[in-house]
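The structure under discussion appears below in the form of structure tokens.
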Amino acid sequence: MHKLFGGGKAKVQTATNLQIQKTKQIESLRKVSAIEILRDVEYRVVWRVGSANFTLIIGLTSQFPQEKPVVSIFPPVTHPWVDPQTLRVTGCPALNNFSMHSDLGQVIQTILEEFKKNPPTIISSYPVQQGSGTSSSYGVGATPGYPPPPYIHPGIDLFPSGPPPVPPRHPTASATTPQSDSDKVVQDLDGFRDFAMPNIIKAFPQLKDKKLFELQELMENDEQLLEMLQGLPELINFAEKREELSERCVLLARTNLSDKPKIEEIKNEIIEKMAELDGMKQAFEASCEQHLALSEQFRPSNIQTNLKVAILQAEEESENIVDDFLNRKMDVEDFTQKFIEKRKLCHIRKAKEEKLSHIILSQGDLF
């Protein structure tokens, strides 16, 4: 984004554990030949069942792979694994139990195998592009909220018999959507492309009565030819349109120049927002790493292990106090005070360890 707006060099960031895990998960999608639509956000897998094409849309949230991906199917279908309202895949056990250590490519492969084994049924009221490439087109009569039509990768030939037809435009689109100056200029250019040469015989009927040498003289007389052509209605109309288009181009150029300060201001705002986004992203990733480290540190099983070590340490210290007393390195009063204190600490730690062990056995590890 910075390079698009002429910014400086992007900062080199050290890949975090979360980023490495995310990259590995995305790399695993190569097993199923996934197509990248938006980097780190959306990927799609296209396959064919009979004459119909299906697309599996894989959406990755900003918390991925800590959060499971959102997988949906297009076009609208009915299948035990698919929610009929949102078209999301909700019945796959591997997807529902997805974690950071799962294999995303394997999960998608499981879904594809299920759909190939038990093909989904397309909703009859929804037009679908068939492999024959004859009639229907994507998006006509689409239900609001459904995924967009499949993205067609330039290196993949989904329709070997010919490209799909272009969807018809909405009849009220031109009436409701105002045209900009640039759109009008493009339309005028299209009009120039459609300019047809006039019928010479109809435009100049007097040429039919001229002999060959007279026609030859006319061809050599540039002034007379120019005078004849300038009277053509088509040429007059063409010149008027050309002049009008030239004026519009000049006006459009001046408008663009007057909008340049506003565009520069918006560009600077976007650069600032991108820098702010980068900072927030770094802070978020640092917080995620800290959260993972603290979760591992305060895991009940780890606390239990540390308590056991502390119990052994307290018992060893109490035994050292007994040895010092037997070797007459301390008197009875010091021995009694220190020994009781260490034994008390040892029993407190044992009680905590036993209580924690009971909780783990009854409720399982909390994290």
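The values are calculated or read from the model by the stated rules, or taken from the named source; none is laboratory data. As the structure is a computational prediction, the values presented were derived from the model and not from experiment. With ideal geometry, Cβ positions are generated from the backbone for all residues, glycine too; neighbour counts draw on all protein chains shown. Keep in mind that these areas ignore ligands, DNA and RNA; they rest on the heavy atoms of the full protein, side chains included. Shrake-Rupley method; radii C 1.70, N 1.55, O 1.52, S 1.80 Å.
Selection among VAL332, GLY279, CYS249 by position relative to the dipole of the range 217-367 gives VAL332 as farthest towards the positive end (Cβ unit charges, Cα centre). May I ask you to list the aspartates and glutamates whose Cα is less than 19 Å away from that of LYS308, ignoring any residue fewer than eight positions away on the same chain? Partners within reach: GLU296, GLU316, GLU317, GLU319, GLU341, GLU353, GLU354, ASP365.
Couplings 3J(HN,Hα) of the range 289-303, computed from phi: 5, 5, 4, 5, 5, 5, 4, 6, 5, 9, 5, x, 5, 5, 4 Hz, in residue order, whole Hz [Karplus 6.51 cos²θ - 1.76 cosθ + 1.60, θ = phi - 60°; x for Gly and Pro]. For LYS211, the solvent-accessible surface with a 1.4 Å probe is about 130 Å², rounded to the nearest 10. Dipole check for the range 223-307: with +1 at the C-beta of Lys and Arg, -1 at the C-beta of Asp and Glu, and the Cα centre as origin, the magnitude is about 460 Debye. Residues whose amide H falls under 5 Å from that of VAL77, counting only those 5 or more places apart or on a different chain, are ILE123, with hydrogens built in the peptide plane. Ranking LEU56, LEU277 from most to least accessible surface, computed with a 1.4 Å probe over the protein chains only, gives LEU277, LEU56. Among LEU104, LEU294, the sequence by solvent-accessible area, most first, with a 1.4 Å probe is LEU294, LEU104. Only protein heavy atoms count here; on that basis, with a 1.4 Å probe, MET219 has an accessible area of about 130 Å².
Sites listed here are chymotrypsin sites (Phe, Trp or Tyr not before Pro) in the range 267-339 whose DSSP assignment is loop and whose Cβ has at most 15 other Cβ atoms within 10 Å: PHE298. CYS346 sits with roughly 0 Å² accessible to a 1.4 Å probe, with DNA, RNA and ligands left out of the calculation. The GLU319 and GLN363 beta-carbon pair, evaluated with R₀ = 41 Å, returns a calculated FRET efficiency of approximately 0.70. Taking all protein chains into account, the per residue accessible area for the range 289-358 stands at 75 Å² (1.4 Å probe).
With contacts taken as Cα pairs under 8 Å at a separation of at least 6 residues, the range 257-367 carries a relative contact order of 32 percent. Karplus-derived 3J(HN,Hα) values for the range 65-71, using 6.51 cos²θ - 1.76 cosθ + 1.60 with θ = phi - 60°, are x, 5, 9, 6, x, 9, 10 Hz; glycine and proline are entered as x.
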